[in-house]
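Engineer: Next up is a structure, given as structure tokens.
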Amino acid sequence: MCIFSKEAEKQNRMAALLERLHAKHNASRPWQETCKVVRQAMEKRGVMNAAGHQLLLTCLETLQRALKVSSLPSMTDRLESIARQNMLGSHLSPSGTECYITSDMFYVEVQLDTNGQLVDVKVAHQGENPTSCPELIQHLREKNFEEFSKHLKGLVELYKLPGDNKLKTKMYIALQSLELDLTKMMHMFRLATNANTVETILHGSVGLLTARSGGHLVTLQCYVSPYDIFEEGTGSQLNLTDNNVPRSLGVSVSVTIEGTSAVYKLPIAPLITGSHPVDNKGTPSFSTVTNSNCVDLPACFFLKMNCPMPFSLSFIQRLGNATSIPVFESSPSLSPLYQLIVQSQLQVLEEGVSTPPPSHNMHFYSVLPDQAHCYFLNGDAPVQDGHSLQGALVSKIPFRHPAQVPLLLDIIRHQAAYNNLIGSCVRRTSIKEDSAGLLQFEVCPLTDSSFSVSFQHPVNESLVCVVMEVIDSRQVSCKLYKGLSDALICTDEFITKVVQRCMSIPVTMRAIRRKAETIQADTPALSLIAQTVEIMVKNNLPPSGSPSYMTGMAAGDGTNPMGILMSSLSNSNRQVLYHLVWSVSLAPIVSDLISQKSCPICPSRQAKEAMGSIPWAVVGMMEAHWVPQSVTPPAQVRAAQCLTRQTFSIPTAMRILLLMLLI
């Protein structure tokens, strides 16, 4: 009974409160009076206790952002509000048309006309004259106050340095000197190589440099994947120039200076001497570090990643060795590298996506135009000493001399290329595991720069493996491993060419299977050719250069087995026959050398053993006397290798040569 009475009392109090609110709402109040009350509340918020009234302050700032800026007072109010949000001071000129946003180390001057329209925006650092900032002008003209606030935040972060204003000024001068040297290094690279925008990003000594503007630091863009330079959806290549490259494209770093616990000698004047590079790569000449051009500061230069990037432990050590400064002040917390790569890739894929990612358990699906793949990233596989490949997220890299930047960027590019290949398997796509035609692949790390992709042979039911070695950001070496009795899929050169062109594992695996299907489609013709070649070897038919043999081939009169084949083969397979004819004419000579186990051409037995069972001198002599001009030397070398090092059987070697020539 008591409970019911308390509930009724609570409802009565609520009804009374609502009635009072309705009565207050219905009372007429002039709009000017309402505006006055709101303005008084906003003017008082500066002296409020931030901790106790944070919710109220947030609500007032939200109201401020919602108000339309269409007059001089509303514009200055908004600018002052943004300054307070970034813990900066602000004041107006006596005319009310200039708004100054100030700190101890810099100030921003916003010039307006009497209608509140923007005239100019200038930024002045301590000891410098104010200069116009095009980016800030654009943001304020577009009423993009959020981006304008980000610039102010960047300026505040720039001066979060230890010491007094005098010491901070020295650190700022050191950063300016570094920026001048890096800008000169990019121009020297272009002067020496005549590189375009994309080539500068991928190969430039300092990448593509974008100058500091407002609160945006100097940016060095150093790596883009092949898919970064194609427009999503249409697939057309982007026409990238220095002026339209987004700062967020690919992998980039910002150049800044930050306080450190240790003291480093940093330049306070540009170190590059002369205006021309010393070689064809654009390498500059640096002056010697002395007490006149460098000072000891409790600070260090940093390359800050545009987003934290996974690095393997050995690559982190390489970064430290390049600068003699450890990347982390204390030992970092290590995690499996593949797990870090997956997390980073998923964060990129989830930008602007509201649906949660599907649970993956390191299994990812890739849907291609005519294939569906499932990739298992086995990042826990032991690499060395029984441990998996470990790594950590790196957000910034310390250095102290501009000459160290190219070395650091090469290491960053190398790791970015490795991460890009592994990350190409990571997708948000979800497919049923028992779907028909789903192809299974396992990606397993081998070293910090290589990995294997294992899958079922497209023709046989055996396991094959492609090992990819990321030599650097420009080169990827691939090798296919299969059983001796397995049908040939494709060459290592073919896989390498595809990988370096697309930097995508799924696209490469699709190309391998399509190539295998092409070879498999030619199998009936290959079988007929192989049988005919064995007959030719057994009967010791005339050499390919003899007139009667070539005439018989062309005529197809039935007296020559090659002539019978010519009428049933395509032009491409017919060209293969011309290559095989040479091989058959070469076969008796090679067979004789193999049986003799000696070489009359090469007088040195040691040289003979170093070059193999058949010295290259003999192969060269055979080429000079027996080879038609249309036959390419690589096929001859491969033929000799097959005959001497693998089979010691002429028919078997002919089959191998035939398959190699078809690739």
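Engineer: Roughly how many Å is it from the Cα centre of the stretch 246-260 to that of the stretch 170-201, as a whole number?
Structural biologist: That distance is 14 Å.
Engineer: Exceeding 27 Å between C-alpha atoms, which entries from my cross-link table qualify? They are 24/143; 36/68; 122/150. Walk me through the numbers on the way to the answer.
Structural biologist: Working: 24/143 36 Å; 36/68 17 Å; 122/150 16 Å.
Violating the 27 Å Cα-Cα cut-off are 24/143.
Engineer: At a Förster radius of 56 Å, what calculated FRET efficiency corresponds to the Cβ-Cβ distance of residue 430 and residue 111, to the nearest 0.05? List each step's numbers first, then the result.
Structural biologist: Numbers: r = 55 Å, r/R0 = 0.98.
Result of the calculation: an efficiency of 0.55.
Engineer: While we're on this one: Net charge around residue 126, counting only other residues with Cβ within less than 13 Å of its Cβ (Lys, Arg = +1; Asp, Glu = -1)? If you can, show how the numbers build up before the last one.
Structural biologist: Values: positive: 166, 168, 170; negative: 104, 128, 164.
Once all neighbours under 13 Å are counted, the net charge is 0.
Engineer: Only loop residues by DSSP count here, and only those with at most 13 other Cβ atoms within 10 Å; note down the GluC sites (Glu not before Pro) in the stretch 173-282 that meet that.
Structural biologist: 231, 232
Engineer: In the neighborhood of residue 388, defined by Cβ-to-Cβ distances under 15 Å, what is the net charge if each Lys or Arg adds +1 and each Asp or Glu adds -1? Kindly include the intermediate steps, with their values, before the conclusion.
Structural biologist: On the way: positive: none; negative: 380, 385, 442, 448.
Result for the neighbourhood of residue 388: -4.
Engineer: With respect to the cross-link table entries 153/304; 281/396; 166/396; 482/515, which display a Cα-Cα separation exceeding 20 Å? Intermediate values should be presented prior to the final figure.
Structural biologist: Values: 153/304 16 Å; 281/396 27 Å; 166/396 26 Å; 482/515 15 Å.
Result: 281/396; 166/396 exceed 20 Å.
Engineer: Further question: Which of the trypsin sites (Lys or Arg not before Pro) found in the stretch 345-438 are in a DSSP loop and have at most 13 neighbouring Cβ atoms, other than their own, within 10 Å?
Structural biologist: Details: sites: 396, 400, 413, 427, 428, 432; in loops: 400, 427, 428, 432.
Here the sparse-neighbourhood loop sites are 432.
Engineer: Provide the net charge surrounding residue 260, with neighbours chosen by a C-beta distance below 11 Å and charges set as Lys +1, Arg +1, Asp -1, Glu -1. Could you put the intermediate results ahead of the total?
Structural biologist: Values: positive: 400; negative: 258, 329.
Residues near residue 260 contribute -1 overall.
Engineer: Within the stretch 372-399, which residues have the backbone N less than 19 Å from the label spot 7 Å out from residue 314 along Cα→beta-carbon, could you tell me?
Structural biologist: 378-394
Engineer: Same structure, new question: Just how far, in whole angstrom, is the stretch 265-343 from the stretch 68-100 if you go by their alpha carbon centroids?
Structural biologist: After rounding, the separation between the Cα centres reads 40 Å.
Engineer: In nm, to one decimal, how far is the modelled label at residue 239 from the one at residue 348, with both set 7 Å along Cα→Cβ?
Structural biologist: 2.6
Engineer: Report, by chain and number, residues whose modeled amide H sits under 5 Å from the one on residue 268, excluding near sequence neighbours (fewer than 5 apart, same chain).
Structural biologist: Sorted by chain and number, the residues that satisfy this are 294, 295.
A short reminder: the numbers here are calculations on the coordinates, not readings from a lab. Computed from a predicted structure; not experimentally measured. Note: ideal-geometry Cβ built from the backbone for every residue, glycine included; neighbour counts use all protein chains shown.
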